[in-house]
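Trainee: Quick one: the structure is below, questions incoming.
Only the coordinates and a few stated rules stand behind these numbers; no lab work does. Worth saying up front: this structure is predicted, and the values here are computed from it rather than measured. Glycine also receives a Cβ, built like all others from the backbone with ideal geometry; neighbour counts cover every protein chain displayed.
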Amino acid sequence: MKEDLIRLTVFEAAQKLKSREISALELTDAYLAAIDAANPEINAYITVTHEIARTQAAASDRRRGQGEGGALEGVPIAVKDLFCTRGVLTTAASHILEGFVPPYESTVTQNLFDAGCIMLGKTNLDEFAMGSANITSYYGNVKNPWGMKTGRALVPGGSSGGSAAAVAAHLCTAALGTDTGGSIRQPAAFCGLVGFKPTYGRCSRWGIIAFASSLDQAGPITKTVRDAGLLFQVMAGHDPKDSTCSNKALPDVIAAMRDGVRGKRIGIPKEYRMDGMDSEIAALWDKGAALLKEAGAEIVDISLPHTQYALPTYYIIAPAEASSNLARYDGVRYGLRMADVGDGINDLYEKTRAAGFGAEVKRRIMIGTYVLSAGYYDAYYKKAQRVRGKIIDDFRQAFAKVDAILTPTAPSAAFAIGEKMDDPVTMYLNDVFTVPASMAGLPGMALPAGLNKDGLPLGLQLLTDSFREDTLFAVSATLEEALGFQGL
Ligand code: GLN
C-alpha cells in the first residue's frame with residue numbers, strides 16, 4: 001500500500017487527496033519513510049525537511065477539513081537546493097554557502113506552498129548548477145535509479161540530478177529544477193522522466209541562486225506531461241521582484257493537451273543530425289517523427305544553420321555571467337569564512353574563495369573573467385552575444401514555418417560515475433541539443449522516449465516559439481501517449 005502511495009503522479013495524488021481517500025500526512029509520511037530508507041545510497045537529497053513536511057501536511061489536512069485548499073493541496077514535492085527557502089539550509093551544493101540559511105523564500109517555492117504543496121527536502125545538484133552529471137556537488141555524487149536497478153553506478157545527469165533521481169526513485173511526486181543550458185531536460189532524459197523548461201521569463205528568478213541570469217529558468221521534473229503542466233500553472237506568473245519576469249497571461253496548458261497535432265507542422269532540424277550520432281538515438285528520433293505524423297502532424301525538414309556555434313557561445317556567455325554573479329561569495333556576508341578581516345580583506349577573499357569553490361566553478365569563474373576582461377571582451381564576449389543573436393534569428397525563421405521542433409534531448413544515455421571527467425569539453429558536449437533553445441529563451445520539453453540496448457532511458461525534446469507553451473503541451477501530450485514509455 002505504501003509502495004503504491006509513493007508511485008502516484010501529482011495528478012493522481014491531488015485527486016486522492018481531494019476525495020479524502022488519503023490524507024496529506026499519510027502521503028508525506030510514506031515519502032519520508034521511503035527517503036529515509038533509500039537516500040543514504042542514492043544521495044538525491046542534501047537536506048530532508050522531516051519536520052517542515054509534517055507540519056505543512058498537518059496544516060494542509062486542516063485546510064482540507066475546512067473545505068479550503070489550493071490547486072495542489074497536500075502534494076509533496078522536492079526542491080532543488082538552488083532555491084532559497086526561508087529558515088532551511090540552502091547550499092547550491094557548494095562549500096562556500098556552508099551554513100547559509102536564507103531569511104526569505106523564493107517566489108517559485110512560495111507560489112507552490114500557496115497552492116498547498118509540501119516540501120520534503122532540498123535536492124542535490126552540481127555545484128552552483130554547473131555540470132551535467134551531478135558529480136561536482138560538495139555533498140557527493142547522486143546515483144541514477146536506473147543504474148541501481150542493474151547494479152551500475154551511473155550518473156543521473158545534471159545539474160538537477162538530485163531532483164531527477166528523487167522523482168525516478170519515487171522519493172517525491174515531482175521536483176523543482178532549474179535549467180540554464182539543459183539542467184532540467186538532460187537529467188530528465190537520463191532518468192526516464194519529463195523535464196520542462198518554460199520560456200525565459202515565465203517563472204520568477206527571485207530567490208533562485210543565480211548562475212547565468214540571462215539563461216536561468218525554473219521548471220518541473222515529473223513523471224508525466226500533465227504533472228509538468230499542473231506545476232507550471234502554479235509556479236509561473238508575473239513577479240514584480242524580478243524585472244525579467246513576464247506579465248504575459250499564462251496559457252491553460254492542461255486544456256491545450258487535448259488539442260492534438262492534427263494540422264500542426266513539426267520541424268526536424270538537419271544540423272542536429274551530427275556526425276557519429278548514436279544510432280539508437282537517431283532511430284528513436286525517427287520513430288518520434290513517425291508517431292507524430294501518424295497522429296496527424298506534418299513533418300518538415302528545417303535548418304538552424306548556427307546550431308554548431310551554440311555550445312561554444314554558451315560556454316562563453318554562461319561563465320561570463322557566472323563570474324559576475326559569483327563575485328558576491330567573498331566570506332564577508334554569508335556562508336564560509338576562512339580568515340579574519342583583520343588578516344586583510346584580500347586575504348579573506350582569497351582564502352575563502354580558494355577553499356569554498358570546487359574546481360569546475362573556479363574554471364568557470366576564470367573563463368568568465370577572461371572573456372570579460374579588457375582586450376578580450378570584444379573578441380569573446382561581444383562576439384558571443386552577436387552569435388546569440390544569430391541563433392535567435394534561426395529559431396525565428398524556423399517558427400515562421402513550423403509549430404514545434406523535434407530533436408533528441410541528449411547525445412547519450414546515462415554514463416558511469418567517473419566517466420567524461422578528464423576533459424571538461426567532453427562533459428560540455430552533453431548540452432549540445434539543449435543549449436540552443438536556452439540561448440533563445442525558448443520553452444522545451446524533454447520526454448522519456450524509449451530504452452537503449454542496455455535498458456537505459458533515452459529522451460526526445462520538443463521546442464516551440466517563446467510563450468507558446470500551449471502548443472508545446474499539445475504536441476508533448478500526443479507524443480507521450482504515442483510513445484507509451486514505462487517508468488521505473
Ligand atoms: N550542463 C550545463 C552547464 O554545465 C547546463 C547547466 C544548467 O543548465 N544549469 O553549464
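Trainee: Computed FRET efficiency, Cβ-Cβ of residue 303 and residue 453, R0 30 Å: what is it to the nearest 0.05? Mind showing how you got there, number by number?
Mentor: Numbers: r = 31 Å, r/R0 = 1.05.
Plugging the Cβ-Cβ distance into 1/(1 + (r/R0)^6) gives 0.45.
Trainee: Students often check this: by mean Cβ neighbours within 10 Å, which of 302-311, 246-255 ranks highest, and how do the rest follow? Provide the component values of the computation, followed by the final result.
Mentor: Working: 302-311: 18.8, 246-255: 15.5.
Going by the mean number of other Cβ atoms within 10 Å, highest first, we get 302-311, 246-255.
Trainee: On to the next question. How would 427, 274, 366 line up from fewest to most surrounding beta-carbon atoms within 10 angstrom?
Mentor: In increasing order of surrounding Cβ atoms, one gets 366, 274, 427.
Trainee: Please arrange 196, 211, 415 by counting, for each residue, the other beta carbons lying within 10 Å of its beta carbon, fewest first. Present the calculation step by step, with values, prior to reporting the outcome.
Mentor: Details: 196 30, 211 26, 415 21.
Placing the least packed residue first, the sequence is 415, 211, 196.
Trainee: Any idea how far apart residue 283 and residue 243 come out in nm if each label point goes 7 Å out from Cα toward Cβ?
Mentor: 5.3
Trainee: Here's a follow-up. From zero outward in steps of 10 Å, how is the percent of C-alpha pairs of the chain spread across the bins?
Mentor: Whole-percent P(r) values from 0 Å outward: 4, 21, 32, 27, 12, 3, 0, 0.
Trainee: Greater than 25 Å separation of Cα atoms is the criterion. Which listed pairs, 420/453; 223/401; 293/420; 362/382, meet it? Could you put the intermediate results ahead of the total?
Mentor: Details: 420/453 21 Å; 223/401 31 Å; 293/420 36 Å; 362/382 22 Å.
Going by Cα-Cα distance, 223/401; 293/420 fall outside the 25 Å limit.
Trainee: Another one. Region 1-158: Rg/Rh from Cα coordinates, Kirkwood Rh? Walk me through the numbers on the way to the answer.
Mentor: Numbers: Rg = 16.1 Å, Rh = 16.3 Å.
Here Rg/Rh amounts to 0.99.
Trainee: I would also like to ask the following. Given R₀ = 35 Å, FRET efficiency for residue 486-residue 71 by Cβ-Cβ distance, to 0.05? All intermediate terms of the calculation are to be shown ahead of the outcome.
Mentor: On the way: r = 28 Å, r/R0 = 0.80.
E(calc), rounded to 0.05, equals 0.80.
Trainee: Could you tell me the distance between the Cα centroids of region 445-488 and region 406-426, to the nearest Å?
Mentor: 19
Trainee: With each pseudo-label sitting 7 Å past Cα toward Cβ, what's the residue 341-residue 328 distance in nm, one decimal?
Mentor: About 1.9 nm separates the two model spin labels.
Trainee: Can I ask one more? Under 17 Å from a label point 7 Å along Cα→Cβ of residue 20: give me every residue in region 91-124 with its amide N that close.
Mentor: none
Trainee: Where both residues lie in region 8-128, what percent of DSSP beta bridges are antiparallel, nearest 5?
Mentor: Numbers: 4 of 9 bridges.
In region 8-128, DSSP labels about 45 percent of beta bridges as antiparallel.
Trainee: Residue separation times 0.36 nm, minus the C-alpha to C-alpha distance between residue 421 and residue 262: what's the value?
Mentor: Result: 52.8 nm gained on full extension.
Trainee: How much of the pair distance distribution for region 360-420 lies past 16 Å, counting alpha-carbon pairs only, in percent?
Mentor: Working: 1267 of 1830 pairs.
Result for the distance tail: 69 percent.
Trainee: By per-residue mean of other Cβ atoms within 10 Å, what is the highest-first order of 73-79, 201-207, 378-384?
Mentor: Details: 73-79: 28.0, 201-207: 23.0, 378-384: 15.6.
Ranking, from highest mean packing down: 73-79, 201-207, 378-384.
Trainee: Still on this model: Only four residue types carry charge here, +1 at the Cβ of Lys and Arg and -1 at the Cβ of Asp and Glu. Report the dipole size of region 433-481 about the Cα centre in Debye, rounded to the nearest 20.
Mentor: On the way: 2 positive and 6 negative charges, 35 e Å.
Dipole size: approximately 160 debye.
Trainee: If you don't mind, another one. For residue 265, list long-range residues whose amide hydrogen, built 1.01 Å from N in the peptide plane, is under 5 Å from its own amide hydrogen.
Mentor: Placed amide hydrogens put 298, 403, 404 under 5 Å from residue 265.
Trainee: If you take the charge dipole of the chain about its Cα centre, with +1 on Lys and Arg Cβ and -1 on Asp and Glu Cβ, which of 77, 380, 391 is farthest toward its positive end?
Mentor: Farthest towards the positive end: 391.
Trainee: Kindly rank 133-139, 431-437 from highest to lowest mean number of other beta carbons found within 10 Å of each residue.
Mentor: 431-437, 133-139
Trainee: Now for a different question. For region 100-256, what's the radius of gyration and Dmax over Cα atoms, in angstrom?
Mentor: 14.9, 48
Trainee: Collect residues whose amide H, placed 1.01 Å from N in the peptide plane, falls under 5 Å from the amide H of residue 302; neighbours closer than 5 in sequence don't count.
Mentor: For residue 302, the qualifying residues are 268, 270.
Trainee: Please give the FRET efficiency for residue 290 paired with residue 400, using the beta carbon to beta carbon distance and R0 = 30 Å, rounded to the nearest 0.05. Before the final figure, lay out the partial values.
Mentor: Working: r = 25 Å, r/R0 = 0.83.
Efficiency, rounded to the nearest 0.05: 0.75.
Trainee: At 0.36 nm per residue, minus the direct Cα-Cα distance, what do residue 50 and residue 254 gain on full extension? Give it in nm, one decimal, please. Intermediate values should be presented prior to the final figure.
Mentor: Working: separation 204, 0.36 × 204 = 73.44 nm, distance 3.15 nm.
Full extension from residue 50 to residue 254 adds 70.3 nm.
Trainee: Amide H to amide H under 5 Å from residue 123: which residues, 5+ apart in sequence or cross-chain, H placed 1.01 Å off N in plane?
Mentor: 46, 79, 80, 81
Trainee: Can you sort 471, 123, 173 from fewest to most other Cβ atoms within 10 Å of each residue's own Cβ? Present the calculation step by step, with values, prior to reporting the outcome.
Mentor: On the way: 471 22, 123 34, 173 31.
Final ranking by Cβ density, sparse to dense: 471, 173, 123.
Trainee: Whole angstrom only: what separates the Cα centroid of region 279-326 from the Cα centroid of region 10-59?
Mentor: Each part's Cα centre sits 35 Å from the other's.
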